[in-house]
Each structure stands twice: as C-alpha cells, then as structure tokens.
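Read the structure below first, then the notes.
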Amino acid sequence: MTRTTRTLAGVAAVGALSLVLAGCVAKTDAASTDTLTVTSTADSCEVSAATATSGNVTFEITNSGSDTTEFYLLADDGLRIVGEVENIAPGASRTLTVTAQPGDYYTLCKPGMVGDGVGRASFSVTGDKVEATGDDAEQMQQAVDLYGSFVKDQVEKLVPAVDELTAAYIAGDDEKARELFPQARAYYERIEPVAESLGDLDPRIDYREVDAVAEGLDWTGFHRLEKDLWVPADDALNSDGETSAYENWAPSTEAERADYAALLVADVAELNTYVHSDDFQTALDTQGIAGISNGAIALLDEVATGKISGEEDWWSGTDLYDFAANVEGSKMAYSLVRDLAESKGDDGEALVAQIDEGYANLEADLAQYGSLEDGFVNYSELTEANKRDLTDLINTLAEPLSQLTVTVLS
C-alpha cells in the first residue's frame, strides 16, 4: 500500500452472491428444506448429494476428523462465500441452512481452519428463483455476517501462503519465492482495509520503502522481501524517482532474511487472531452495511491511487495481481449490498445496472493482460495508452459506485 491509501479506513470486500442475499437461518425457520449430510475428515469433505432444489438448503455437518473444522458453500467462482459454519470440534455436529438460488456452487471443508480446504466438489441448485424476504435490517445483518466470513477465509488462506513464501525466501530459493509472492499478496489485497484500520499493522505488512522512510518507520513486510527477490540494477531509483535504490539499503544477509520473514509471519498471525476475535465482530456490527458499501469504494480507490501508477510493486512489476485482487474485493463488497440497492426503486435499479456494467468492462480490459490463476504480464509491458484505458474504466465505475452507500441507506 501507499501512504496516501493508508487513510482509507473502512471495510473491504466480501462474497458476491449469485443468489438472494443468503445467510444462515435457524433450522426451525426453514420451510420445504432439502437436508444433506456432510462428513468432514482430515482429507475429505463428503456431501450426501451434489444437487438440491432452490430455497432453504440445510447441511448437517459432522466432524469425523481430529482437528476443528469448517464447512463452506461457495459461489460459482469458488471464492465468494454463500454460507459457512466454523469451529466444529472433533466429534461434533453443526447445522448450516442457506437460501440458495438456482446455479452452480462448490462445497469444501477446512480442517485446522487454515489453508485452501479439502474435498472441494461441485454442487448445483435447480428450480425457480427465490424472492428475498424479511426486512432491510435482517438482510443488512446477513451481509455483515457474510463479510466477516469472507475476511476470515482470506486470512486463513494468507497464513499458509505467507509461510510457504517466507520458507522459500529464507532458503534462498528466490525463483520459487518470486512465483509465490504475488499469489500470497492477493489474499491480503482483497481485505486490505481491515489491516489498515488496525493502526501500524498494515504499515508493518505492506508499506513501501519510500513511505516507511518518510514516516521514520522500520521497513518490514512484503515489500522488504520483494526488493531482495528482485534486486535492483546498480543505477536504479526508488519509486520516488529521486533516491538511489541502494541508499541506506543492501541485499539482506541470510540472518536478516530470517528476521524479516519471522516478522511477516508474526504480523500475519496477529491479523488472523484479530479477525477471529470478538473485537472484529464488534467492529463489523458497528460499521454495519455502510462499512461494506464504503469498502467497495475504498478498494477501488486503492487501485486508482496505488496500483495504476505502478509504484506499489516497484521492483517486481506484479502490480496487476494486486490490481485484480483489489477489484475482486471491491466487487464482492458491492455484491453483498447489490440486492438492497436494486430494491430502492427505479433509481436503485439504474444505479445497479451502471455498476454492473462498470465492473464487467473493467474486468474485461484487465483480462487481456492475464489472470490471478494463470499469471499477469509484468506491469512494465503496459503502454501509457493501456494505463489510460484502465484509468478511464476505473473512473467510470467510481462515479456510480460512490452513490452506493447513500442508496442502500435511503
């Protein structure tokens, strides 16, 4: 992140839904419910059926493994959370009920509550569309709860990703570390405003060198590793375009690499502890739905102020990975409040149509340079015209997106 974007406090992104805002509902409230059983073990996640009928779908999850586990129902992109149950102790059973729209989904379990999970499998819902019920307050709280689930999931994936990255960095396997670097950062970039709201945690994890120097801070985190992994040329300048890359810097020794790696691992662990704490849930509840819609705007601002200039990942040129993750995070936050905005009459419907088109156009333009799954071209390969096109698309989306919070709360 840059020093200017640090002030963008707020809440970030979370699971877009291709369904009516679907939260967990009490089992006793479920009508015409499909009930499926799930068995979670150390290496499997067995669901009794791969299909269900639209409406209330209940999963009865039993943890047959030796570690505390979680169960997720994910949307068709495999990223967005439709529903989840966490903290299922060994031998225990829990129930998850969601209101699911027709479409394609995935199920998976996460023993140990870290990493990518196990037993990911396709799951489909057939039938007619389900109309939203309940008042705005109920839907808003469901959105807040799903946001919290998404943040926890991303940080749980960030933890082992950083472990793997730092292990390669310490071992001097720079080729592997360079490959892992942008992928690990994507988990962080989707939920960055959460860390930004925690004082000095985000600067410790994600400050650029020039910003740390300007504020008199010790320079640690992702970008410290980045400069070691992409060692600058002798005549290179820092991202301020003025100071030498080697001013008060030299490639880290083996001992220094171990120290910087340990600090990053510790800081990410602190973030993981926070997002699983009561303080985090209290912060979410206090900010409410406005925190989510403002988070969609904040993450798009991250792109406009930090990524589009190419200054974020100055040495690696992996800015497009951060760019894509910020856009994903922004779109997810928007999607949680989309139905609420659309329900606000003709103006709400028109606003949603504008925002939908804006995201689609931005994603299509970004896709010509690669993807998070297959990799992006180095940012240096983009021409000034390419960057202007991306900037124009960001600005076109930002204008209607800036009206989202007031529309949702109207």
Legend entry - Test result for residue 313, of a type in the set (D, E, K, R) and either in a helix (DSSP H, G or I) or surrounded by fewer than 18 Cβ atoms within 10 Å (Cβ to Cβ) (or both): no
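Residue by residue, here is whether (1) touching a Leu at 6+ places or on another chain (Cβ under 6 Å); (2) modelled with pLDDT of 95 or more; (3) closer than 19 Å to residue 210 by Cα; (4) among the hydroxyl-bearing types (Ser, Thr, Tyr) holds:
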position: 259; (1), (2), (3), (4): no, yes, no, no
position: 273; (1), (2), (3), (4): no, yes, no, yes
position: 279; (1), (2), (3), (4): no, no, no, no
position: 288; (1), (2), (3), (4): no, no, no, no
position: 297; (1), (2), (3), (4): yes, no, no, no
position: 323; (1), (2), (3), (4): no, yes, no, no
Legend entry - the stretch 276-289 residues that are at positive phi, paired with ones that are surrounded by 12 or more Cβ atoms within 10 Å (Cβ to Cβ) (beta carbon under 8 Å, 6 or more apart): 288/140; 288/144
Inset, instruction - Would you check if there is a residue in the stretch 352-369 being farther than 17 Å from residue 298 by Cα, without any contact (Cβ under 8 Å) to a residue 60 or more places away in the chain and touching a Phe, Trp or Tyr at 6+ places or on another chain (Cβ under 8 Å)? - result: yes
Inset, instruction - Mind counting the residues in the stretch 275-310 that are in a loop (DSSP other than H, G, I, E, B) and closer than 28 Å to residue 86 by Cβ? - result: 2
Legend entry - Positions within the stretch 238-255 being surrounded by fewer than 17 Cβ atoms within 10 Å (Cβ to Cβ) and over 30 Å from the mean Cα position of the chain (by Cα), in sequence order: 241, 242, 243, 244, 246, 247, 248, 250, 251, 253, 254, 255
Inset, instruction - For residue 398, state whether it is open to solvent by less than 50 Å² (accessible area, probe 1.4 Å), assigned by the TED database to the domain that holds residue 301 and touching a residue at least 24 places away in the same chain (Cβ under 8 Å). - result: yes
Inset, instruction - Within the stretch 333-342, identify whether any single residue is farther than 30 Å from residue 176 by Cα, open to solvent by less than 10 Å² (accessible area, probe 1.4 Å) and of a type in the set (Val, Ile, Thr), and answer yes or no. - result: yes
Inset, instruction - Of the numbered conditions (1) surrounded by fewer than 17 Cβ atoms within 10 Å (Cβ to Cβ); (2) touching a residue at least 40 places away in the same chain (Cβ under 8 Å); (3) under 18 Å from the mean Cα position of the chain (by Cα), residue 258 fails exactly one; give the number of that condition. - result: (3)
Legend entry - Number of positions in the stretch 263-275 that are without any contact (Cβ under 8 Å) to a residue 60 or more places away in the chain and open to solvent by less than 60 Å² (accessible area, probe 1.4 Å): 1
Inset, instruction - Select from the stretch 25-41 the residues that are over 15 Å from residue 82 (Cβ atoms) and at pLDDT 95 or above and write down the one among them that is most open to solvent (accessible area, probe 1.4 Å). - result: 37
Inset, instruction - Run residue 236 past the list (1) touching a helix residue (DSSP H, G or I) at 6+ places or on another chain (Cβ under 8 Å); (2) over 21 Å from residue 204 (Cα atoms) and report the number of the one that doesn't hold. - result: (1)
Legend entry - Which numbered condition residue 59 fails, given (1) of a type in the set (A, V, I, L, M, F, W, C); (2) open to solvent by less than 60 Å² (accessible area, probe 1.4 Å); (3) in contact with a Ser or Thr (Cβ under 8 Å, 6 or more places away or on another chain); (4) over 19 Å from residue 130 (Cα atoms): (4)
Legend entry - One residue from 163, 228 being touching a residue at least 24 places away in the same chain (Cβ under 8 Å), in contact with a helix residue (DSSP H, G or I) (Cβ under 8 Å, 6 or more places away or on another chain) and open to solvent by 60 Å² or more (accessible area, probe 1.4 Å): 163
Legend entry - Positions within the stretch 77-99 being modelled with pLDDT of 85 or more and either surrounded by 24 or more Cβ atoms within 10 Å (Cβ to Cβ) or within 16 Å of the chain's Cα centre (by Cα) (or both), in sequence order: 88
Inset, instruction - Provide a single number: the residues in the stretch 77-98 that are closer than 20 Å to residue 52 by Cα and touching a strand residue (DSSP E or B) at 6+ places or on another chain (Cβ under 8 Å). - result: 12
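The values are calculated or read from the model by the stated rules, or taken from the named source; none is laboratory data. Since this is a predicted model, take the numbers as computed values, not measurements. Neighbour counts are summed over all protein chains in view; Cβ atoms, including those assigned to glycine, are modelled from backbone coordinates with ideal geometry. When the accessible area is computed, the model is the full protein with side chains, heavy atoms only, and any ligands, DNA or RNA have been set aside. Shrake-Rupley method; radii C 1.70, N 1.55, O 1.52, S 1.80 Å.
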